[in-house]
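Engineer: First the structure, then my questions, so here it is.
The values are calculated or read from the model by the stated rules, or taken from the named source; none is laboratory data. Note that the coordinates shown come from a computational prediction; the quantities given were computed from them, not determined experimentally. Glycine gets a Cβ as well: all are built from the backbone with ideal geometry, and neighbour counts include every protein chain shown. To get the accessible areas, we keep the full protein, side chains included, count just its heavy atoms, and leave off ligands, DNA and RNA. Shrake-Rupley method; radii C 1.70, N 1.55, O 1.52, S 1.80 Å.
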Amino acid sequence: MALTYIRNGRIVLPDALVEGKLLAFDSESGKIVGVVDTLPEGADVIDAGGNYVAPGLVDIHIHGYLNEDASDAKPEGIRKMAYGIAKNGVTAFLPTTMTVSQAEIDAALNTVRSLKEESVSWDGAEILGVHAEGPFINPSKKGAQKEENIQKPNAKFLIDNQDIIRLVTVAPEMDEDHAAIKEVSEKTDILISMGHTGAGFEEAVSAVRDGVGHATHLFNAMTALAHRDPGVVGAALATDVTVELICDTFHIHPGVFSIIAKQKADKLCLITDCTRAGGMPDGEYDLGGQPIFLKGIECRLADGTIAGSVLRLNVAVRNVLEHTSLSVPEVVAAASYNPARAIGAKGKGALLAGYDADIILADEKFNILKTIKRGKTIYEA
């Protein structure tokens, strides 16, 4: 064992903020040992300087960053994304495809598949699999996705790619009798999410019974919550599914953060839905073959349709902390432990004994000072 101790930090556990103790991890095995009381003489020490010691963040919905996009199927682009988001405290992610052509989707899956093992040891965020956002969506709720590439839900495609797809977004009403949803939920561990959907409340609740377990960017590109027509939003709140929120203060009004957090608790997952415009200056970029225009925190198509975000996951944590009375452990868990559990990524997203030593040091505003992945420092401010 080669133990390293982080002292003088506020340790963020899933259900508590611990002060006056140390976090120990084994840099050889890359595993967390646990929270301990004493520092052995001559031990390897990291001084946290009174800052937060938190689990590495887990982004399960991110298309791109630094002018790269997962759907481009470029290995160097995925690597650039992974290295870039490590500076935002992300230690694990799902590169997210969108409704592009089948050939482009296949190429993207193959690229990510070829990099997954390598990503464990590179100095960037680790790849946990792919989130396929589409092509099984409703044209009426396509958002910034190209209608010509939309398909009917295809169970065989998902089953054949279950080694790399961890999460898929589907419009339940496009799946007759929910046949694909049922088959995929029975035969795979893929998390099925309802999104880009025009389903009503009853259909959405029925889809949850048939195997849907998640809701893609809640409120966006789905039927809204109204008192006589609760829609997909109502179904997501009324059932046990996990839900995503894009907490950039643009996609979702900050006043909604607390409402959803109180309703969903540990089923809330903060995501970025970041595009290739993330980390880039204002200007014109591309999303799924369509031009998008970045101005400030807003990404839009030429017709004004919202087209993803440029959110960083540590900023999402900051935004929720600033606009709610939620505790630091609750908010950090929503960006780490909750999404990791949702997609079945065991040993990720929490500073618990035996878990991977994916650790970040962050200041009061959740600026990232250091990122450690599997016991190895991969970024330092």
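Engineer: Which parts of segment 62-92 would a label at residue 114 reach, counting a residue when its backbone N lies under 11 Å from a point 7 Å out along Cα-to-Cβ?
Structural biologist: Label zone hits: 73-76.
Engineer: For segment 307-350, max minus min Cα coordinate along each principal axis, in Å, sorted largest first?
Structural biologist: Between the extreme Cα coordinates on each principal axis of segment 307-350 lie 30, 30, 12 Å.
Engineer: Provide the per-residue ³J(HN,Hα) series for segment 354-363, in order, calculated from phi with Karplus coefficients 6.51, -1.76, 1.60 and θ = phi - 60°, each as a whole number of Hz, with x at glycine and proline positions.
Structural biologist: Running phi through 6.51 cos²θ - 1.76 cosθ + 1.60 with θ = phi - 60° gives x, 7, 4, 7, 9, 9, 10, 9, 9, 7 Hz.
Engineer: Amide H neighbours of residue 199 under 5 Å, counting only residues 5+ apart in sequence or on other chains, H built in-plane at 1.01 Å?
Structural biologist: 173, 223
Engineer: From the phi angles alone, apply the Karplus equation (6.51, -1.76, 1.60; θ = phi - 60°) to segment 329-341 and give each ³J(HN,Hα) in whole Hz, x where the residue is Gly or Pro.
Structural biologist: x, 5, 6, 4, 4, 5, 10, 9, 5, 5, x, 4, 5
Engineer: Take the Cα pairs of segment 86-142, get the Kirkwood Rh, then feed it into Stokes-Einstein at 25 °C and 0.890 mPa s and tell me D in µm²/s. Please report the intermediate quantities before stating the final value.
Structural biologist: Working: Rh = 12.5 Å.
Rounded to a whole number, D works out at 196 µm²/s.
Engineer: Please give the contour-minus-distance gain from residue 363 to residue 293: 0.36 nm per residue of separation, less the Cα-Cα distance, rounded to one decimal in nm. Before the final figure, lay out each step's value.
Structural biologist: Working: separation 70, 0.36 × 70 = 25.20 nm, distance 3.16 nm.
Fully extending the segment from residue 363 to residue 293 adds 22.0 nm.
Engineer: What percentage of the solvent-accessible surface of segment 237-277, computed with a 1.4 Å probe over protein heavy atoms, is contributed by carbon and sulfur atoms?
Structural biologist: Working: 700 of 1320 Å².
The nonpolar share, carbon plus sulfur, comes to 53 percent.
Engineer: Here's something else I'd like to know. Which whole-number percent is the relative contact order of segment 257-381 (Cα, under 8 Å, 6+ apart)? Show your work: numbers first, answer last.
Structural biologist: Working: 195 pairs, mean separation 23.3, N = 125.
Relative contact order here is 19 percent.
Engineer: HN-Hα J couplings of segment 55-64 from phi, Karplus 6.51/-1.76/1.60, θ = phi - 60°, integer Hz, Gly and Pro as x?
Structural biologist: x, x, 7, 10, 9, 9, 8, 8, 7, x
Engineer: A further question follows. Skipping prolines and chain starts, which residues have an amide H placed within reach, meaning under 5 Å, of the one on residue 10, given they are 5 or more residues away or on another chain?
Structural biologist: Residues meeting the amide H criterion: 51, 52, 53.
Engineer: For the chain, state the semi-axes of the equivalent ellipsoid (square roots of 5 times the eigenvalues of the alpha-carbon gyration tensor), sorted largest first and rounded to whole angstrom. All intermediate terms of the calculation are to be shown ahead of the outcome.
Structural biologist: Working: eigenvalues 225, 93, 80 Å².
Over the Cα atoms of the chain, the ellipsoid semi-axes are 34, 22, 20 Å.
Engineer: Suppose every Lys and Arg Cβ carries +1 and every Asp and Glu Cβ carries -1, with no other charges. What dipole size does segment 35-142 come out with about its Cα centre, to the nearest 20 debye?
Structural biologist: Details: 8 positive and 16 negative charges, 120 e Å.
I would put it at about 580 debye.
Engineer: Rounded to the nearest 0.05, what FRET efficiency do residue 15 and residue 284 give with R0 = 45 Å and r taken as the Cβ-Cβ distance? Could you check? Mind dumping the intermediate values first?
Structural biologist: On the way: r = 45 Å, r/R0 = 0.99.
Computed FRET efficiency for residue 15 and residue 284: 0.50.
Engineer: Then there's this: Measure off, as a whole percent, the carbon and sulfur share of the 1.4 Å-probe accessible area of segment 1-140, all protein chains present. Provide the component values of the computation, followed by the final result.
Structural biologist: On the way: 2320 of 4950 Å².
About 47 percent, which is the carbon plus sulfur part of the accessible surface.
Engineer: Provide the FRET efficiency to the nearest 0.05 for the residue 66-residue 238 pair, computing r from the beta carbons and using R0 = 45 Å.
Structural biologist: Values: r = 39 Å, r/R0 = 0.86.
After rounding, the FRET efficiency stands at 0.70.
Engineer: Ok, one more. What does the charge count near residue 71 come to, summing +1 for each Lys or Arg and -1 for each Asp or Glu among other residues with Cβ under 12 Å from its Cβ? Write down the numbers at each step before the final one.
Structural biologist: Details: positive: 74, 146, 276; negative: 68, 69, 72, 104, 106, 133, 286.
Once positives and negatives cancel, what remains is -4.
Engineer: Between residue 303 and residue 121, how high is the FRET efficiency from 1/(1 + (r/R0)^6) when r is the Cβ-Cβ distance and R₀ = 45 Å? Nearest 0.05. Provide the component values of the computation, followed by the final result.
Structural biologist: Details: r = 44 Å, r/R0 = 0.97.
Between residue 303 and residue 121 the formula returns 0.55.
Engineer: How many percent of DSSP beta bridges within segment 2-112 run antiparallel, rounded to 5? Each step should come with its number before you reach the end.
Structural biologist: On the way: 14 of 24 bridges.
Here the antiparallel bridges make up roughly 60 percent for segment 2-112.
Engineer: Highest mean first, how do 260-268, 12-20 rank when packing is the count of other Cβ atoms within 10 Å averaged over residues? The partial results should precede the final answer.
Structural biologist: On the way: 260-268: 18.6, 12-20: 15.0.
Per-residue Cβ counts within 10 Å, averaged per peptide and sorted highest first, yield 260-268, 12-20.
Engineer: On to the next question. If you stretched the chain out fully between residue 263 and residue 352, how much longer would it get, using 0.36 nm times the residue separation minus the C-alpha to C-alpha distance?
Structural biologist: Values: separation 89, 0.36 × 89 = 32.04 nm, distance 2.57 nm.
Gain on extension, residue 263 to residue 352, equals 29.5 nm.
Engineer: In segment 37-139, which GluC sites (Glu not before Pro) fall in coil by DSSP and have 13 or fewer other Cβ atoms within 10 Å? Intermediate values should be presented prior to the final figure.
Structural biologist: Numbers: sites: 41, 68, 76, 104, 117, 118, 126, 133; in loops: 41.
Sparse-neighbourhood loop GluC sites (Glu not before Pro): 41.
Engineer: For the chain, what's the relative contact order in percent, using C-alpha pairs closer than 8 Å and at least 6 residues apart? Spell out each step's value before the answer.
Structural biologist: On the way: 995 pairs, mean separation 78.3, N = 381.
Result for the chain is 21 percent.
Engineer: Before rounding to the nearest 500, sum -39500 (n - 2.57) across all DSSP H runs of length at least 4 in the chain and divide by the residue total; then give [θ] at 222 nm in deg cm²/dmol. Walk me through the numbers on the way to the answer.
Structural biologist: Details: 10 runs with 98 residues, N = 381.
It lands at -7500 deg cm²/dmol.
Engineer: Moving on. By the scheme Lys and Arg +1, Asp and Glu -1, what is the net charge of all other residues having a beta-carbon under 11 Å from that of residue 344?
Structural biologist: Numbers: positive: 166, 341, 346, 348; negative: 189.
Within the 11 Å Cβ shell, the charges total +3.
Engineer: Using a 1.4 Å probe on the protein chains only, how many percent of the accessible area of segment 310-357 belongs to carbon and sulfur?
Structural biologist: Carbon and sulfur: 50 percent of the exposed surface of segment 310-357.
Engineer: Find the accessible area per residue for the chain; the probe is 1.4 Å, ligands and nucleic acids are left out, and the unit is Å². Could you put the intermediate results ahead of the total?
Structural biologist: On the way: 14500 Å² over 381 residues.
Accessible area per residue: 38 Å².
Engineer: Then there is this: Under a plain spin-label model, where a point goes 7 Å from the Cα along Cα-to-Cβ, how far apart in nm are residue 39 and residue 325?
Structural biologist: Between residue 39 and residue 325, the simple spin-label model gives 3.7 nm.
Engineer: When the scattering of segment 161-263 is computed by the Debye formula from its Cα atoms alone, each counted once and equally, what is log10 I(q)/I(0) at q = 0.10, 0.14, 0.23, 0.25 Å⁻¹?
Structural biologist: -0.26, -0.51, -1.21, -1.36
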